[in-house]
1. Cα atoms only: what Rg and Dmax, in Å, come out for the chain?
2. So what is the calculated 222 nm ellipticity per residue for the chain, using -39500 (n - 2.57) for each DSSP H run with n of 4 or more, over all residues, to the nearest 500 deg cm²/dmol?
3. If you count only protein heavy atoms with a 1.4 Å probe, what accessible area per residue comes out for the stretch 1-141, rounded to a whole Å²?
4. Given N residues in the stretch 1-83, what is its alpha carbon radius of gyration divided by 2.2 N^0.38 Å?
5. Scan the chain and hand back the longest stretch that contains none of the GluC sites (Glu not before Pro) lying in DSSP loops with at most 11 other Cβ atoms within 10 Å.
6. So what is Rg over Rh here for the stretch 108-154, counting just Cα atoms and using Kirkwood for Rh?
7. What is the extension gain from Trp162 to Lys33, computed as 0.36 nm multiplied by their sequence separation minus the C-alpha to C-alpha distance, in nm to one decimal?
8. What is the dipole size for the stretch 97-146, taken about its Cα centre, with +1 at each Lys and Arg Cβ and -1 at each Asp and Glu Cβ, in debye to the nearest 20?
Amino acid sequence: MAIQPIRLFGDPVLRTPATPVADFDKELRKLVKDLTDTMMDAPGAGLAAPQIGVGLRVFTYYVDDQVGHLINPDLDLSDECDEEGEEGCLSFPGLSFPTPRAVRAVAKGFNMHGEPVTLEGTDLMARCFQHETDHLDGILFIDRMDPKQRKLAMKAVREAEWSGLAAPVIRMSPHATGGKAL
Ligand SMILES: [Zn+2]
């Protein structure tokens with residue numbers, strides 16, 4: 001197991017487009033394992049390499065009891081959209097919002113051995129492929145929301161405990177200091 005810290009919204013790596021994988025080597029297989037272990041531990045339905053600070057076009061997924069990965073993905077999307085489906089992101093802990101996504105996706109890419117793979121997904125699987133491929137382009141789910149929903153989402157982000165965006169809040173210590181200055 002090699003669970004890695006998950007980068008949170010505000011970390012510049014999440015806004016940096018990732019580089020296509022060129023070497024299908026031992027290091028890549030370790031990356032796939034780290035992503036899988038970190039995703040399962042979170043737990044999450046998907047995880048993209050930039051979320052653990054690695055700028056390569058790799059993601060893992062865990063949807064409908066299927067665990068897998070895809071490298072250098074290329075998506076073909078249905079015109080039919082689900083406007084209302086709730087979506088979360090491990091880089092925005094504890095938050096989920098309605099996010100429009102295509103209902104069906106065909107994802108073409110490679111497995112960690114460099115063999116071509118075609119994956120087809122509907123509903124949550126399709127949503128996951130779109131969300132994770134977006135991560136590889138530095139795009140986050142807040143970018144996919146309509147402006148009104150994005151405003152609500154950003155408010156929730158600013159109020160979230162993990163967020164570094166809010167102005168610092170002074171918290172009163174629950175521990176008495178016995179009148180001593182510290
Ligand atoms: Zn995400």
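1. Rg and Dmax of the chain, Cα atoms, are 18.5, 69 Å.
2. Values: 4 runs with 47 residues, N = 182.
Helices in the chain give a 222 nm mean residue ellipticity of -8000 deg cm²/dmol.
3. Averaged over the residues of the stretch 1-141, the accessible area is 48 Å².
4. Scaled against compact globular proteins, the figure is 1.13.
5. On the way: sites that count: Glu80, Glu83, Glu84, Glu161.
In the chain, the maximal stretch lacking such sites is 1-79.
6. Rg/Rh for the stretch 108-154 comes to 1.12.
7. Numbers: separation 129, 0.36 × 129 = 46.44 nm, distance 2.63 nm.
Gain in length upon complete extension: 43.8 nm.
8. Values: 5 positive and 8 negative charges, 24 e Å.
It comes to approximately 120 debye.
The values are calculated or read from the model by the stated rules, or taken from the named source; none is laboratory data. Since the structure is predicted, the reported quantities are computational estimates derived from the model, not experimental observations. Every residue, glycine among them, receives a Cβ derived from its backbone with ideal geometry; neighbour counts consider all protein chains shown. For accessibility, only protein heavy atoms count, side chains too; no ligands or nucleic acids. Shrake-Rupley method; radii C 1.70, N 1.55, O 1.52, S 1.80 Å.
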